[in-house]
Each structure stands twice: as C-alpha cells, then as structure tokens.
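A short worksheet on the structure shown next.
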Amino acid sequence: MVAAALAMAAAPARAVDGCLLLLCLAAPSWRAIPQCVPPVTQALRDLARGRPFPTCAMSGAGNSANHQWASAPGNCPPQYTRAMEMENGIAYSCDFSGAVAVFIDGSMWSRTWWRMGGATATEYSPAAKARMGSWDTQFDNDYALWLSSLPPAQPPCPTC
C-alpha cells in the first residue's frame, strides 16, 4: 500500500504538447483560444522554473519555436527596456523574463515576450500580420506609446 502511494506521488507531471504549443503561439491571440490558455500558461510556468521549451517532432521543416532569456538592452524590445543610472554606469533591465520565437517556413513569425507572473506581449512579423489580418496589438500599442514618449529630435547645429 505504501509502495503504491509512493509510486503515485512520484509520477511525472504531464508534459506540455510542443505541437499544440507551436500552433497556439503562432495564433493571432493565444489568450482568445480557450484550448490554448492551459498549455501556454503551463509552458511559461515551466520556463520560469528552468525547464526546457517543448519541441514538436511533427512540425515539418522550417517550423519550430525556441526560447531565449531576455537581456536588456540587446535582447529586449526598446519599449520594455529600462535604464537606471548607477555609480559605475548605466544598468539595464527588461520588463520581461524571456521570449519564445516561432518560426514558420524558416522565417520568424512571432516572438512572445513573457513575465514570470504570466503576462505576455507578442511581436508579430510583417508576414504574419499580412497573413492573419488581425492580431493581438498590445506589443504594437506599447511600441507606439514608447515612440510618442521620446523627446523630439534636435535639429542639426548650423554653427558646429
């Protein structure tokens, strides 16, 4: 009886289906598809715990997804990059923890930036936008807001 209880307690957690995850992250808005919310949420939770990103062996050539940790300023969109002046120089941070890039036919389709708490913003390629017609615009809206907050460019100095 004790052995049966231990065997049940040690059972591995159900892995996220990499193929379903690839389809969900390539969608115009994974949060709007009820079947996508649990696997994407679980995959992001797994990434936050240091687990590897699941793969899909049946996706076909050129169709894949991969994960990278965010690192400002190089691997973080400008609207989510924060700079703090420190004693030794500038320290950068990113509002997001990582990004999952989806590739369709060998080209980048989308990049979903994610936070440890579960929030995401998805950057879609021009090709993805053209094929989908509509998509979750949070990333684009945040970028437009960031651009509008920048100071105007200074005209060139005529006497310099």
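Just so it is clear, none of the values below were taken in a lab; they were calculated from the coordinates. These numbers were taken from a predicted model, which means no experiment stands behind them. Neighbour counts are summed over all protein chains in view; Cβ atoms, including those assigned to glycine, are modelled from backbone coordinates with ideal geometry.
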Inset, instruction - Pop out the ³J(HN,Hα) list for region 39-48 in order, Karplus 6.51 cos²θ - 1.76 cosθ + 1.60 with θ = phi - 60°, rounded to Hz; leave Gly and Pro as x. - result: x, 5, 4, 5, 4, 5, 4, 5, 4, 4
Inset, instruction - In nm, give the distance between the simple-model label positions of Ala91 and Ser59, each being 7 Å from the Cα along the Cα-to-Cβ direction. - result: 3.5
Legend entry - Label corresponding to Kirkwood radius over Cα pairs in Å when calculated from the structure given, among [x] 17.5; [y] 18.1; [z] 15.7: [y]
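GluC sites (Glu not before Pro) within region 71-160: which are DSSP loop residues with at most 15 other Cβ atoms inside 10 Å?
Details: sites: Glu85, Glu87, Glu123; in loops: Glu87.
Hits after loop and neighbour filter: Glu87.
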Inset, instruction - Treating the angle as unsigned and between 0 and 90°, give the value, to the nearest 10°, between the Cα long axis of helix 138-149 and the longest Cα principal axis of the chain. - result: 20
Inset, instruction - Measure out, as a whole number of angstrom, how far apart the alpha-carbon centroids of region 65-88 and region 127-160 sit. - result: 18
Legend entry - Length added when fully stretched, Asp140-Ala127, from 0.36 nm per residue minus Cα-Cα: 3.2 nm
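Rounded to the nearest 0.05, what FRET efficiency do Cys157 and Ser107 have when you use their Cβ-Cβ distance and R0 = 45 Å? Intermediate values should be presented prior to the final figure.
Values: r = 42 Å, r/R0 = 0.94.
Using R0 = 45 Å, I get an efficiency of 0.60.
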